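We did not get these values from a lab; they are worked out from the coordinates using the rules stated. Bear in mind the structure is a predicted one, so any value in this text is a computation, not a measurement. All Cβ positions, even for glycine, are placed from backbone atoms using ideal geometry, and neighbour counts span all protein chains on display.
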Amino acid sequence: MSFLYLLLQLISAILVAPLFDGIARKLRAKYQSRIGPSIFQTYYDLFKLLKRGRTKSHSASFIYQIAPYLLFVTTAAMFCALPVTYGSDSIFTKFSDIFVLIYLAALYRFIFIIAGFDTANPFAGVGSSREATVGFYAEAVAIICLIVVMLGSGSSNLPYIASILREGNYGYFVPSYAIASTAFLWVMYVETGRKPYDLAEAEQELQEGVLGEYYGKDLAIIDVALMLKQFSMLGFFLILFEPWSFENPLLALALFLSEIGVLYVLAVFIDNFGPRFTMGKGMRTSMLFPLGIACIALMLYIIGV
Amino acid sequence: MQIIYTLFLLTSLLSLLLYKKPLLAQKVGFGLASLLSLYAAIFFFSNLHETLTWKLPGNFISAPLFRLDSLGMLFSFLISLIAFAVSLYSFDYVKFYEKKANLAVFASLFNAFILTMLLVIASDNVFSFMLLWELMTLISALLILINDGKGASKNVMIYLGIAQIGAFCLMVALLIMASFAGSFEFSGFDELGISFGMSLTLFVLLLIGFGSKAGMFPFHVWLPLAYCQSPSNASALMSGVMIKVALFAFIKFALFLPHTVEFGYILLFFGALSCVFGVLYAVVSNDYKASIAYSSCENVGIIFLGLGGAFYGLGAGLPSIALLGFIAALFHIVNHAVFKSLLFMLSGNIYTATLTRDMDALGGLHTKMPITSIIFFVAALSICALPPLNGFASEWITYKTMLLGGLEEGVMSRFFFVLAIIALGVGGALAVMAFSKVYGAIFLGLPRDDKSIQNAKEVSTLMLLPLCLLASFCVGLGVFMGDVIDVLSKIVLSFIPATHFNQDEFVSIPTVVIVMLLCSMVPFVLFYLFKSNNTPSRITEPWACGFIYNKNMQIGSNSFTGDIRRALSFIFRYESEMKMDGYFSKVVYTKKIHDFFWDKLYEPIIRLVMIIADKIGIFQNGRTNFYAGYILVYLCLVIIFAYYYL
């Protein structure tokens, strides 16, 4: 039964993710005084991509062909690792672990980078390089925040952490936890690939340059994988820092997805504020802030507050 | 059991005797070595939980005792297993060195190297240990010199220099321990009645001694020099198992000392530094063999983190942490031996096919060497500790140990364990960057220099066979993580206080595999439901903004790391130069990365030694009358000394 719920969790995320993406796009257009596409536009895009033929760079090897599926498998497994529809009594508890999630994200990054190399496209290579660098920045901050949570709750097991938080034995009354939540939200925002760190929609020279050569159903499946990755990153934040939910798996899932959607759409407001950062300067300085916040949280844990 | 060691010795001598017939010697030497090490691996594995002792027969000056307990059995098994794969691989690989060196000598040294490593593990006496230890270093130095070339002697001298610093510290530590124990047999070392300060000093000496051999930071400078210089099968053995011998000896001797938590802190600190700095150099290196070599430093760091947790647990009287820490360290030792020797052998495949080590000249090798490419992919995934392969399993247990340690009360322990987790996490992110770059730049895309791959072809089946074997170990050790932990915990419990752990709390890699397989079906179901377009892909030129595509437009390994090099420019001092002769001529970029620690730590010491040597040199002026004067002065001094003190 828990197996079916897990499948439901994955499928429903795949089904609703384009909707939130559409809402975010519409909202962004309104923000920029445009009319903007319909909120179902992302669905239309995906359907159209499914019906189109694929392209392949003449240099591409098997990595290029399997990369979309590997990316999808990784992000889907990441989303499955979030204990929304199952608790600590399920067989998937031993899979739902913070380190599994982090290393699945690393696997995603690995495949993303080599897929960029494989196309021999100049922008894809630059995109790979940026993805790797952003990963390095983000991972350093994320791991510090996660240490605070893991050590505070005493385990790296997600259902266990969620249950401890729900019971109220650990939570926002601990200063280190509260401070870590800010830095972690910041990192998760970076991971969702938005301005000022990235612009997921258009710009070829940014991270998405890796996908420059993909088309047809390959691109469709990568798009779904990207949305799933952003969902699992936001969901990761929610599980650790906002785990209160219903007992009933279906209601919990509905609440969880709508929470992710709200965060996803709210990110548009930050997205539209300023210019993009260049990799060398703005990125580094702006990542020093969350790093500083995370370090403060860590210090507080170490001295035992 | 003695028969294994004897046969290795005989094979070594036999291949040396066939000096005049190198091709025959190569067949005999490496063929017998692979058979022998296979037998040895089976033997050691079947006796894993037993203790065997033996003495040298005959009338030697001393009759040293050799002893293998279950930890020694594990390491002997590991050495034999990796030696089996490497010698099978060498059988064809060494033909590449036919013109450079005498294959008979190569085969002889190869066998002698395996033999000395096995004997170091087994030796149970200070003198035999030191003798065999130095012999192991010497033979490995000779193996490096097989690939003679520009700068070879300098690289070997740096390797030997650092090994000698280590051996000196080791000798001092072992003699002090022996004098306290009143015996030169290691079995008498159990009850050392020494003070805290002495035990800390001994620990630091042991750490320098074995850490320098293992490639721990800041002794990592010899790793890229020695491993890049030596033939790939030798670097596979050195990186795969020789540094494990150092780690084994470190565990063995450090356990004799009275345990304090400070041991754990020291190990955690240096482990964390090795973890981050090792992999940072792996990221920025442009030579794939140097990248792989630097990542040894990272992995040794991870092993030291596990050991740090273990020694902290022993010192603080928490055997459950000690058990997990030792399991983490031993598991990572096994894993590292498997994937690191695999990677070095694969680098041998690449080098024999392309004759270059510069990643900016390679690319697109997948089309020529598909199987090598796929095996490299698996090895790269497992060295980056990505699920569901073996690296992930051992790093997960290391994380678990660090978490348990970080939960302890006390600022010091929390600080060091937290530092360890950060280092492990950042190291993991950088390892992904390093190895995705290595794999992508070598195998994918288009060749950046057409000359490099035009003669490339897939290596022979005999060379691929051991590679496939080790690649399957990469998968197997990950998926059957639970069974491996059971075996290792039985070994660890033989030398630490009794305790237990609950494997239910561990992550289950089979579940990860099942979930991933399940997820992999979803896209195909969606394709079927929405009736996707399944026509074959249209082959196109890569898009280049409307310009005519040129393969030089693709990213190279140098530009790939540009952002991170700029971001970390306070550590990497690198000089890049652009040379342009004329408007239409090709622009040449050169880049030179300075090893910060070489410049700041080793360079001043070397300069100091040179100055002192120069000053001493004044006395050696070659004039006979001066030497007669020295003798006279010395005689006078001896007489004065004798008059007053005797």
Report task. Within a 10 angstrom radius of each residue's Cβ in A:48-55, how many Cβ atoms of other chains show up on average? Whole number is fine. Result -> 4
Query raised in the report: Karplus couplings for the range A:285-291 from phi (6.51 cos²θ - 1.76 cosθ + 1.60, θ = phi - 60°), rounded to Hz, Gly and Pro as x?
Result: 5, 6, 7, 5, 5, x, 4
Requested in this report: Choose one answer from A:Phe269, A:Phe92, A:Phe123: the residue with the largest mean-square fluctuation in a GNM of chain A with alpha-carbon springs under 10 Å.
Outcome: A:Phe269
Query raised in the report: By the scheme Lys and Arg +1, Asp and Glu -1, what is the net charge of all other residues having a beta-carbon under 12 Å from that of B:Phe127?
Result: -3
Query raised in the report: Among A:Leu219, A:Leu288, A:Leu158, whose mean-square fluctuation peaks in a Gaussian network model of chain A (Cα, cutoff 10 Å)?
Result: A:Leu288
Report task. Could you sort B:138-144, B:375-381, A:173-179, B:432-438 so that the peptide with the highest average Cβ count within 10 Å comes first and the rest follow in order? Result -> B:432-438, B:375-381, B:138-144, A:173-179
Query raised in the report: In terms of modelled amide H atoms, which long-range or inter-chain residues lie less than 5 Å from the amide H of A:Asp97?
Result: A:Leu158
Query raised in the report: Could you give the dipole magnitude of chain B about its Cα centre, charging the beta-carbon of Lys and Arg +1 and that of Asp and Glu -1, in debye to the nearest 20?
Result: 1800 debye
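With Cβ to Cβ distances under 12 Å as the rule, what net charge do the other residues near B:Leu467 carry (K, R +1; D, E -1)?
Neighbourhood net charge equals -2.
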Report summary line: If amide H atoms are modeled at 1.01 Å from N in the peptide plane, then the residues at a separation of 5 or more from B:Leu65, or on another chain, having amide H under 5 Å from its own are B:Asp124
Query - Three-way shape label, the range B:598-645, alpha-carbon gyration tensor, a/c 1.5 - result: oblate
Query raised in the report: By per-residue mean of other Cβ atoms within 10 Å, what is the highest-first order of B:470-479, B:527-536, B:484-493?
Result: B:470-479, B:484-493, B:527-536
Query - Convex hull of the protein assembly as shown built on C-alpha atoms - directionally averaged projected area, nm² - result: 45.0 nm²
Query raised in the report: Once phi is turned into θ = phi - 60°, what whole-Hz ³J(HN,Hα) does the Karplus curve with 6.51, -1.76 and 1.60 give for every residue of the range B:310-320, x standing for Gly and Pro?
Result: 5, 6, 4, x, 5, x, 8, x, 10, x, 5
Query raised in the report: Can you give the angle from 0 to 90° between the axis of helix B:411-443 and the longest principal axis of chain B, with both taken from C-alpha atoms, to the nearest 10?
Result: 50 degrees
Report summary line: Asserting the computed 222 nm helical MRE of chain B (DSSP H runs at least 4 long, -39500 (n - 2.57) per run, divided by residue count, to nearest 500) equals -23000 deg cm²/dmol
Report summary line: With T = 10 °C, eta = 1.306 mPa s and Kirkwood Rh from C-alpha pairs, the Stokes-Einstein D of chain B in µm²/s is about 60 µm²/s
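With a sphere of radius 13 Å drawn around the Cβ of B:Ile539, what net charge do the other residues whose Cβ falls strictly inside it have (Lys, Arg +1; Asp, Glu -1)?
Once positives and negatives cancel, what remains is +1.
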Query raised in the report: DSSP loop chymotrypsin sites (Phe, Trp or Tyr not before Pro) in the range B:53-154 with at most 15 other Cβ atoms within 10 Å of their Cβ, which ones?
Result: B:Phe60
Requested in this report: Mind checking A:132-140 for the average number of partner chain beta-carbons within 10 Å of each residue's beta-carbon?
Outcome: 6
Requested in this report: Working from Cα positions, state the angle (0 to 90°, nearest 10) between the long axis of helix A:41-51 and the longest principal axis of chain A.
Outcome: 50 degrees
Query raised in the report: So what does log10 I(q)/I(0) come out to for the range B:313-399 at q = 0.11, 0.23 Å⁻¹, using the Debye formula with one equal point on every Cα and no solvent?
Result: -0.43, -1.06
Report summary line: Counting only DSSP loop positions in the range B:583-622, the trypsin sites (Lys or Arg not before Pro) whose Cβ has at most 14 other Cβ atoms within 10 Å are B:Lys586
Query raised in the report: Using a simple spin-label model with points 7 Å from Cα along the Cα→Cβ vector, what separation in nm is obtained for B:Ala544 and B:Val587?
Result: 1.6 nm
Query - Rough spin-label spacing in nm, given labels placed 7 Å along Cα→Cβ, for B:Ile640 and B:Ser153 - result: 4.1 nm
Report task. Provide the packing ranking of B:162-172, B:359-369, i.e. peptides ordered by the mean count of other C-beta atoms within 10 Å per residue, highest first. Result -> B:359-369, B:162-172
Report task. Would you mind giving the mean number of other chain beta-carbons within 10 Å of the Cβ of each residue in A:216-226, as a whole number? Result -> 3
Report summary line: Expected vector for the range B:66-78, Karplus 3J(HN,Hα) from phi with 6.51, -1.76, 1.60 and θ = phi - 60°, integer Hz, x for Gly and Pro, equals 10, 9, 10, 9, 5, 5, x, 4, 4, 5, 4, 4, 4
Report task. Give, to the nearest whole percent, the P(r) tail of the range B:258-363 beyond 16 angstrom, counting all Cα pairs. Result -> 63 percent
Requested in this report: Quick one: of B:Lys213/B:Lys615; B:Lys27/B:Lys150; B:Lys99/B:Lys244; A:Lys56/B:Lys531; B:Lys437/B:Lys551, which pairs are farther than 23 Å apart, Cα to Cα?
Outcome: B:Lys213/B:Lys615; B:Lys27/B:Lys150; B:Lys99/B:Lys244
Query - Cα-based Rg of the range A:2-302 normalised by 2.2 N^0.38 Å, two decimals - result: 0.98
Report summary line: Per the range B:261-532, sqrt(5λ) over the Cα gyration tensor eigenvalues, sorted largest first, in Å, gives 36, 23, 17
Query - Over the range B:460-516, volume per residue of the alpha carbon convex hull, in Å³ - result: 91 Å³
**Report entry** the range B:365-416: GluC sites (Glu not before Pro) in DSSP loop, at most 13 other beta carbons within 10 Å
**Finding:** B:Glu409
Report task. Please work out whether the range A:1-78 counts as rounded, prolate or oblate from its C-alpha gyration tensor, where a ≥ b ≥ c are the square roots of the eigenvalues and a/c under 1.5 means rounded, while otherwise a/b larger than b/c means prolate and anything else oblate? Result -> oblate
Query - 0 to 90° range, to nearest 10: angle between helix B:196-214 axis and chain B longest Cα axis - result: 50 degrees
Report summary line: Under the rule rounded for a/c under 1.5, else prolate if a/b exceeds b/c, else oblate, using alpha carbon gyration tensor axes a ≥ b ≥ c, the range B:47-122 is classed as oblate
